[in-house]
Every structure is written in C-alpha cells, then in structure tokens.
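This report concerns only the one structure given below.
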Amino acid sequence: MMTSAEAALRIEGLKGEIERHNRLYYQEARQEISDQAFDVLLRELIELEEAHPDLVTADSPTQKVGGAPIEGFTQVRHAVPMMSLDNTYSEAELEAFFQRVQKGLGREVVECVVEPKVDGVAISIRYEGGVLKHAVTRGDGQVGDDVTMNVRTIKSLPLRLPAGVPQTFEVRGEVFMPKAGFAKMNEERDEAGEARFANPRNATAGTLKQLDSRIAAKRPLDVVFYGLADAGDAEVGAHSEVLELLGKAGLRKADLVWRAETAEALVLAIRELDEKRKALPYETDGAVIKVNAFGDQRELGATSKAPRWAIAYKYQPEQAETQVLAVDIQVGRTGALTPVARLEPVFLSGSTVGNATLHNFEEIERKDIRVGDWVVIEKAGEIIPAVVMVKKERRTGEERVIVPPVCCPVCGTEAKKDEELVVLRCPNPDCPEVVKRRLEHYVSRGAMDIRGLGEQVVGQLVDAGLVRDAADLYQLDELSLARLERQGAKSIENLVKALRESREQAPWRLVFGLGILHVGVTAARTLLEFFGSIDQLAAAEVEDLLKCEDVGVVVAASVHAWFREERNVALLERLRAAGLTFEQRKVAAASEVFAGTTWVITGTLSRPREEMAEAIRSHGGKVSGSVSAKTTYLLAGEEAGSKLEKARKLGVEVLDESGFWGKVGEGEKGIKTDLFG
Ligand code: IVH
C-alpha cells in the first residue's frame, strides 16, 4: 500500500487530471480520452480516497454525488447586490434604450454585447484560493440562501479553478435544467408515480432548495455564467473580457454572443438570437443587451433596481389553442372577484396549462369570451397564462355567455364595482375567503415568514372559527390547534414556535404583511427605514410620507388612510399587545467612524470577507471591489496580491486586521456592540 504522502500526491494529480478532462468535455465538447479511460481515473481516485479518508477534500470530483442532508439554509449577504434588469418588449423600446445610452455617454457609437437571457435561477458563486467556496441564490438581491451543497453537484461546474486565472473571485450566472434533461426527468417521475414538474425553471428552483444534496445530484442541473461580482486580482475592463476570463476559468458561458455598435445592429442581433434560441439546450425568454466597456457602464450608473447600462429584451411568448370548459370565480385578498378560465389542458412553453386568468369581467366582455369557446392563450410574464383572443370561426352556437356575479360566491354579500368601475369586489371584510387570502399573505415567506402555516392550515383555522385576523394567530396554543385535523403533535409544536418567533420579525415585514393596498416589500422597507417605527409611520401625515424617497401620492394616500381606519387601529393594538415588534431595531450602527470612507478588502482574513464588509458598513463605511483613487483604506489580510500593490502605488492607506479593529474601537469609544451577534 502507498504511504499517506504518496497517496496525497497521487490524489492531487488525479484530481487535476479529472478536472481537466471534465473541462474539456463540458466546456469545449472535446474528449482526449475515452469514457472508459476516464472511469479508470475516477475509480482510482475513489479507491485511494476510501483507503485514505483523511485526504478527501471538498473540491474532489468524487464529491459531486452530494452529502448528508442539512437542517436549513444559511443566509449570506451579497458583497455586491444582485440587481435585476429592466425589460423591453418591442424593437422601438430597445432603440429608445440605445438612445438613452448614447445620450448618457454623449456619443453615437457605443459598443454593446447581446447574449441570451437564460430562464433559470440566478446564482453568485465565489471561489477562494482556487476552490469553490460558496454558491448563493439571489434572494431579495441583498441576502440570499447558501445553496453550495446543491450547486456543488453540477457536473460541468469546476470545484477547483485551473492555473492562470484569479484564484479568488466571484462569478454570477444562471442555474438551469437543460430542456432534454428536464423532459427525461419528468418521464421518469411519471413512471415512478411522482408529480411532474411544471417547467424547467420551477424544477431548478425546487432542486436548489433541497436540503438533501443527494437529490440535487440526481437531477440534471447545469449553469452558465454571465458576469463577475468581484474580479479578484484580474484586470478586466469590459464585459467581453469577462467572457474571455470565464472561458479561461473553465466556467460555462453563453453559447451565443453578438457585438453591436448601433441600434440597427442591436435589432439584427436580437432577431437572429430569436431564430437560434430554440436550438439552445436551455430555455431562454429574451436577450440581454449590455454596454461593453466598464468605463461606460460606470458613467451610466444604475437606478435603485437595475443598471442603466443593460436591458432585457423579452420575446413574444409562445401561444397555444384550447377550449374553455368553465369559468370559476376566485376571491382575492382585497375582495377582488377574479374570473378564471378552466381550460382543456394544453402544453405551452414547457408546461401543461389547465387554467388561465381572465383578469376581470370587462375584459371578458371586450374579448367576448364564452364557455365552450376555442381560445388562443399565451404565458404573460411566462407564469400565469392569459387568453389572447377567441377563435370565433370555431363557434357552434352552443357557447354560453359569462355573466358577472351579483353576489360574492363565498359569503353571498352583494358584489360592488370599485372606483374605476373595473374590478368587482366582495365588500365584506369578514368574508371567509378574503380572510384566508389576507392571512396567507400575512404568514407568507416575504412577509412574516411563519413556517408551517400554509394555505391548508390557514383554511382549517378560519373554517374552524379559530382565527379571523392576524392578531388571532397569537392567541393560538397547543390545545386549540389540537382540534385541527391532520395535525400531529410535532407540527403543532413547530407552529407554536414559529408563531412565537414571528413576534421578533422586523416591523417592515409586519407592515408588508398587513396588506396595505399598494405597499409592497420595497415600500414597506423604505417606510420603516425612514420612520423608524410603526407608531411614527402611523402618525405620519401625507406630506411626511411623501418626504420618503420612492413614495408617491398613491402609496402615501393609501398608507395614510389605512392607519386611520378604526378597525386597523384596533388590529394594530392587539398585535402590539401580542408582543410584536413595532420599533425598527438599530442595526448595530455601532458608530459613524467610517462615514464617508470607501474600503477595499483583499487577502485572507480571520473572518469571511462578507463579515468584514458588514462590519465596515455598520460603522458607516462603503465597501468597493476595486482599488482606485476614491479608495480611502485597503484592509489587507495574508497573501494580499495586486490590490495591495495598486493601493501602495496610489498612496491608499493600508490596514491589517488589528489596525482595522483598532479604528473600530476608537469609534465605539468604549460602547460594547456585538457586531457579529
Ligand atoms: S446580466 C445587473 N445576463 O436575468 C443584472 N442576466 O432580469 C445583470 N439573466 O438576475 C444581469 N441571463 O438572473 C444577465 N445573460 C444574462 C442573463 C441574465 C439571465 C437573469 C439574471 C438576472 C435576471 C435579470
């Protein structure tokens, strides 16, 4: 038998060789050795690792089979937020985008890159010291889930980077399921009597959320990359250089790329992409157009949501023909009565469609949709299909006209048209269906995030008369919950715990969860950041509300009115009495000692970089990815490379970790704050 040292050497050699063949196979579609020869290498590695378990590392190709299940996902803050893109739907809108870019840069010719918009799940992957460190989902753009265990199982993804590229950098891309792999997987699920996945994107999202990575390892996940969050010590000055770097790093990138310098060339590129995208192995829902040079990108900047230097162009969704079997009425959170068409199931853009929203009764009348009609449907925003038009030539005379309901189908209250006379509503705030929708929203992940309280349990609670509003939830105990059907002791215990914990949720979640008309997550967050507490927000006059950035008259009026309605005031008081959090917690705003300073972090530190960055931010500083004349401090750990050099050249003050904590201490002036608690 080999000695441990010999084994270590051979294992390293094998890992390098296997990674190289993987790279050739997955990136360049080339094979230097036969499948059998590859298997011999892999088997030798497996055997050596079995004989020397202490030599198994996370970056070994043998680790792609997944590991033991985990309890839940850790949340990771993105060092650079993951933004989204603005959408355009016509060539004219695309030309308008290009004109804005030309105007912004003050010149005619601007080099752009056009690439496919992959319809998958966004991911940010960080390599440190050449090894895959973590993979984090987009989440809310600021904080995402650490799904490294699952992403690690992606066959084409190198766990270790080759030499000659930065060993520490962060790449952004899209995880997807190839069309072929998805179809095969669904067939197998059918055979196993398991439920089919609706479409590749849902299947991808569901797979990334698996707590057991062995499940992910069995599913055909793949990934393409389209950008960098942190270039490490690489000098890149344009998107095209990013693509080159990705290639060198063995990371799969977009299969089709165009360069265009004029509006005409852009239009030609998106048309050509539309022709070719059907042959791509993954689903695409559009093109992404990016200004190439980073200098130009910086000059154009970004809005709070999306960069001004890039835009998505969405292709016309695919259409299908089917028959309307019936029309049901759905009661929404605001009492809106929405007609929904039940359809003869039909396959459309990757999934089987059984119903379509009809929006409202005016639309039914305008389009003259009748039960029994043959209709053309398409996926609006690719999720909920909509009826585009009726095939009147196929009518037989048997079709039935759809009449708007006079009463709410659930509680029988007379239905009312809203001010704009479009939406028909059930005006009864105690309508059981409205109450259910409102509670479902309150407990949902984006709001109070009360796990174990899904649609079904909420339904049971309302039907049993146990809960009528959010405050009633906090009166529930083991005893009352035991009355529910199909609820075991364990799930009841979990539910009580989740409810107790939800009292600590940030007040913006509560405000969002209350379902105030026009107040989405972003508005709720902004409002609470501005006013600091629910009480301050409740007391605010319309003009105070308007002082808050991004809050317009519609939101301001709605918020103002909501807090002045007696029944809402009473609800808030009961929520307060139940111990919910009304005050925005001060985020360890330990001090302002770094206010006005810009930091760059480099090298290996005793804590993850994100934590150090968070520490800097909590003391009022900004963190940037690259050293420039604007950099105030470089925080340098062990083995700092080119950034340290550049900082020295520019005369930027360099601090090591102890120097950094020394400065933090000065700012805190003896106040103890638990930064990482
Ligand atoms: S660039 C600042 N390029 O589309 C955002 N995104 O709607 C830069 N996506 O979150 C994104 N293919 O998940 C970019 N070639 C591509 C893309 C792409 C798909 C996704 C990505 C992003 C979303 C924006």
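Bear in mind these aren't lab numbers, they're just calculated from the coordinates by the rules spelled out. Note that this is a predicted model, so its numbers are computed, not measured. Using ideal geometry, Cβ is built from the backbone for each residue, glycine included, and neighbour counts are taken over all protein chains shown.
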Quiz item: What list do you get for ARG525, ARG609, ARG214 if you sort them by fewest beta carbons within 10 Å?
Solution: ARG214, ARG525, ARG609
Self-check item: P(r) of the chain over all Cα-Cα pairs, binned every 10 Å from zero, in whole percent
Solution: 3, 12, 19, 25, 23, 13, 5, 1, 0
Self-check item: Förster radius 22 Å - calculated FRET efficiency between ALA595 and VAL553, Cβ distance, rounded to 0.05
Solution: 0.10
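Pairs LYS133/LYS179; LYS64/LYS218; LYS179/LYS253; LYS117/LYS367: which are spaced more than 21 Å apart, C-alpha to C-alpha?
Values: LYS133/LYS179 28 Å; LYS64/LYS218 10 Å; LYS179/LYS253 17 Å; LYS117/LYS367 32 Å.
The answer is LYS133/LYS179; LYS117/LYS367.
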Self-check item: Computed lengthening from ALA489 to LEU466, 0.36 nm per intervening residue step minus Cα-Cα distance
Solution: 6.5 nm
Exercise. Can you tell me which of 499-508, 41-50, 132-141 comes out highest on packing, and rank the rest after it, using the mean Cβ neighbours within 10 Å?
Key: 132-141, 499-508, 41-50
Quiz item: Which cross-chain or sequence-distant (5 or more) residues have an amide H under 5 Å from the amide H of ALA238, H modelled 1.01 Å from N in plane?
Solution: PHE294
Quiz prompt | Residue order, fewest to most surrounding Cβ atoms within 10 angstrom, among THR303, THR338 | solution = THR303, THR338
Quiz item: Roughly what angle does helix 263-276 make with the longest principal axis of the chain, taking Cα atoms, 0 to 90 degrees, to the nearest 10?
Solution: 80
Self-check item: GLU91 versus GLU187: modelled label distance in nm, points set 7 Å from Cα along the beta carbon direction
Solution: 3.9
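Given 0.36 nm per residue, what is the gain on full extension from ARG43 to ARG585 after removing their alpha carbon distance, in nm?
Numbers: separation 542, 0.36 × 542 = 195.12 nm, distance 5.43 nm.
Separation in residues times 0.36 nm, less the Cα-Cα distance, equals 189.7 nm.
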Quiz item: In nm, to one decimal, how far is the modelled label at LYS416 from the one at ASP140, with both set 7 Å along Cα→Cβ?
Solution: 3.3
Exercise. Round to the nearest 10 and give me the degree value, 0 to 90, for the angle of helix 179-191's Cα axis relative to the longest principal axis of the chain.
Key: 60
Quiz item: So how tilted is helix 432-443 from the main axis of the chain? Cα-based, degrees 0 to 90, rounded to 10.
Solution: 20
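Pulled fully out, how much extra length does the chain show between GLU32 and ARG576, if you take 0.36 nm times their separation in residues and subtract their Cα-Cα distance? Don't jump to the answer; show the numbers that get you there.
Working: separation 544, 0.36 × 544 = 195.84 nm, distance 6.81 nm.
Here the answer is 189.0 nm.
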Exercise. Report the Cys residues of the chain lacking a disulfide-compatible partner, meaning no second Cys Cβ under 4.7 Å from their Cβ.
Key: CYS112, CYS407, CYS548
Quiz item: In nanometres, what is the gap between the two model label sites at GLU638 and GLU565, each 7 Å from Cα along Cα-to-Cβ?
Solution: 6.0
